[in-house]
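K.L.:
Pasting a structure below so you can have a look.
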Amino acid sequence: MIITIDGPAGAGKSSAAQGLAKRLGFEFLDTGAMYRAVTLAALRTGIDLRDNAALGRLLESVHLEMPPGRVLLDGKDVSDQIRTREVEQATGLIADSPVVRRRLGEMQRAIAVGRRMVCEGRDQGTIVFPDAFCKFFLSAAVEERARRRQAQMAARGETVELATLLPAIETRDRRDAARESAPMRPAADAVIVDSTGLSLDEVVDRMETEVRRRSERGTRKDE
Ligand code: DC
């Protein structure tokens, strides 16, 4: 059984997905981490990040594993290395590559087979899991998303001004939404959750209520 959470950067998808997975006893898949890991591999080999064919070859040569909460690239834990600003910035180009999107989508489906998972990303409800049991699109006002990103970076010891973060997030939003291959948008049957002014617990409460409501409805139908 799959639950998807898509939405823009800084909307709180990762925390919400982890929180919801914990409450439901599901596993959790951070698909952004997969795009970041491929980006790290591409940066290390020095290939042109716009070269779709080279990216295709790279994907055949690297081995990506997603144990709970971690990312392994060729057997090595790169969970921290994929969170640098260099990787973050370059990931936009990698996420534009149709070959990368196709391959990572296949991997995500393969990972999810037979499991109960909350899958978080940009295209989970629209492209990767169109038949998901429950789809959420989590958003928040851009100013709030910028403040959250600032707090996350501060926790890692990085100081960034809001005036720098805000336009960067707006640019990423535009890029994610305008992408030719799998643009970010809510699935037609997604439940839209606006987390502006809500605590993480309140966001997870809303999602959990929706999932349980659907499960009960499904159980009643089966009876
Ligand atoms: O959620 P994140 O910041 O870790 O995502 C990193 C990048 O990967 C971001 O540029 C959006 C992209 N991404 C994507 O295109 N599709 C996904 N399913 C997940 C992330």
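Yes/no matrix, rows are residues, columns are (1) at pLDDT 95 or above; (2) touching a Leu at 6+ places or on another chain (Cβ under 9 Å); (3) surrounded by fewer than 17 Cβ atoms within 10 Å (Cβ to Cβ):
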| site | (1), (2), (3) |
| --- | --- |
| GLY56 | yes, no, yes |
| LEU59 | yes, yes, no |
| LEU64 | yes, yes, no |
| LEU72 | yes, yes, yes |
| ASP77 | yes, no, yes |
| ALA110 | yes, no, yes |
| VAL118 | yes, yes, no |
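K.L.:
Something else now. Which condition does GLY218 not pass, out of (1) in contact (Cβ under 8 Å) with a residue 60 or more places away in the chain; (2) not assigned by TED's automatic domain parsing to the domain that holds GLU143, if it passes all the others?
P.N.:
Unmet for GLY218, out of (1) in contact (Cβ under 8 Å) with a residue 60 or more places away in the chain; (2) not assigned by TED's automatic domain parsing to the domain that holds GLU143: (1).
A quick yes/no check of all residues on (1) in contact with a Leu (Cβ under 7 Å, 6 or more places away or on another chain); (2) over 19 Å from MET153 (Cβ atoms):
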{"residue": "ILE2", "(1), (2)": "no, yes"}
{"residue": "GLY10", "(1), (2)": "no, no"}
{"residue": "SER15", "(1), (2)": "yes, no"}
{"residue": "LEU20", "(1), (2)": "no, yes"}
{"residue": "GLY32", "(1), (2)": "no, no"}
{"residue": "ALA37", "(1), (2)": "yes, yes"}
{"residue": "ARG44", "(1), (2)": "no, yes"}
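K.L.:
Then there is this: Is segment 100-109 home to any residue that is under 20 Å from GLY10 (Cβ atoms) and within 13 Å of the ligand (Cβ to nearest atom)?
P.N.:
No, segment 100-109 contains no residue that is under 20 Å from GLY10 (Cβ atoms) and within 13 Å of the ligand (Cβ to nearest atom).
K.L.:
In addition: Can you tell me which condition ALA42 does not meet? The list is (1) open to solvent by less than 10 Å² (accessible area, probe 1.4 Å); (2) within 16 Å of the chain's Cα centre (by Cα), and all the others hold.
P.N.:
Unmet condition: (2).
K.L.:
Taking segment 139-162 as the region of interest, how many residues are surrounded by 14 or more Cβ atoms within 10 Å (Cβ to Cβ), more than 14 Å from the ligand (Cβ to nearest atom) and either assigned to a helix (DSSP H, G or I) or in the same structural domain as ILE94 (by TED's automatic domain parsing) (or both)?
P.N.:
Selection size over segment 139-162: 4.
K.L.:
Quick check, is ARG185 more than 19 Å from VAL118 (Cα to Cα), touching a residue at least 12 places away in the same chain (Cβ under 8 Å) and out of contact with any Asp or Glu (no Cβ under 8 Å at 6 or more places or on another chain)?
P.N.:
For ARG185, the condition - more than 19 Å from VAL118 (Cα to Cα), touching a residue at least 12 places away in the same chain (Cβ under 8 Å) and out of contact with any Asp or Glu (no Cβ under 8 Å at 6 or more places or on another chain) - is not met.
K.L.:
Criterion first (assigned to a helix (DSSP H, G or I), surrounded by fewer than 17 Cβ atoms within 10 Å (Cβ to Cβ) and modelled with pLDDT of 95 or more) does ARG220 satisfy it?
P.N.:
Values: assigned to a helix (DSSP H, G or I): yes; surrounded by fewer than 17 Cβ atoms within 10 Å (Cβ to Cβ): yes; modelled with pLDDT of 95 or more: no.
Considered against the rule, which asks whether it is assigned to a helix (DSSP H, G or I), surrounded by fewer than 17 Cβ atoms within 10 Å (Cβ to Cβ) and modelled with pLDDT of 95 or more, ARG220 comes out as no.
K.L.:
Of all residues in segment 51-73, which are small (Gly, Ala, Ser) and within 30 Å of SER15 (Cβ to Cβ)?
P.N.:
Hit for segment 51-73 is GLY69, nothing else.
K.L.:
Which residue pairs have Cβ atoms closer than 8 Å, lie 6 or more positions apart in sequence or on different chains, and pair a first residue in segment 115-137 that is among the hydroxyl-bearing types (Ser, Thr, Tyr) with a second residue that is open to solvent by less than 10 Å² (accessible area, probe 1.4 Å) and within 13 Å of the ligand (Cβ to nearest atom)?
P.N.:
Going by the 8 Å Cβ cut-off, the qualifying pairs are THR126/ASP6.
K.L.:
Next question. Just to be sure, is LEU165 assigned by TED's automatic domain parsing to the domain that holds ALA21, within 14 Å of PRO8 (Cβ to Cβ), free of Cβ contacts under 8 Å to residues at least 60 places away in the same chain and open to solvent by less than 40 Å² (accessible area, probe 1.4 Å)? Let's see the steps before the verdict.
P.N.:
Working: assigned by TED's automatic domain parsing to the domain that holds ALA21: yes; within 14 Å of PRO8 (Cβ to Cβ): yes; free of Cβ contacts under 8 Å to residues at least 60 places away in the same chain: yes; open to solvent by less than 40 Å² (accessible area, probe 1.4 Å): yes.
Criteria met by LEU165.
K.L.:
Can you give me the number of residues within segment 56-71 that are touching a residue at least 12 places away in the same chain (Cβ under 8 Å) and closer than 30 Å to GLY25 by Cβ?
P.N.:
Residues in segment 56-71 being touching a residue at least 12 places away in the same chain (Cβ under 8 Å) and closer than 30 Å to GLY25 by Cβ: 6 in total.
K.L.:
Something else about it: Which of the numbered conditions does LYS22 fail, given that it passes all the others? Conditions: (1) surrounded by fewer than 18 Cβ atoms within 10 Å (Cβ to Cβ); (2) not assigned by TED's automatic domain parsing to the domain that holds ALA177.
P.N.:
(2)
K.L.:
Among the residues of segment 184-191, is any modelled with pLDDT under 90, assigned by TED's automatic domain parsing to the domain that holds SER15 and part of a helix (DSSP H, G or I)?
P.N.:
No; the residues of segment 184-191 include none that is modelled with pLDDT under 90, assigned by TED's automatic domain parsing to the domain that holds SER15 and part of a helix (DSSP H, G or I).
The values are calculated or read from the model by the stated rules, or taken from the named source; none is laboratory data. Predicted, not measured: the structure shown is a model, and the values here were computed from it. As a convention, Cβ positions derive from the backbone with ideal geometry for all residues, glycine included, and neighbour counts pool all protein chains shown. These accessible areas exclude ligands, DNA and RNA; they are computed on the full protein's heavy atoms, side chains included. Shrake-Rupley method; radii C 1.70, N 1.55, O 1.52, S 1.80 Å.
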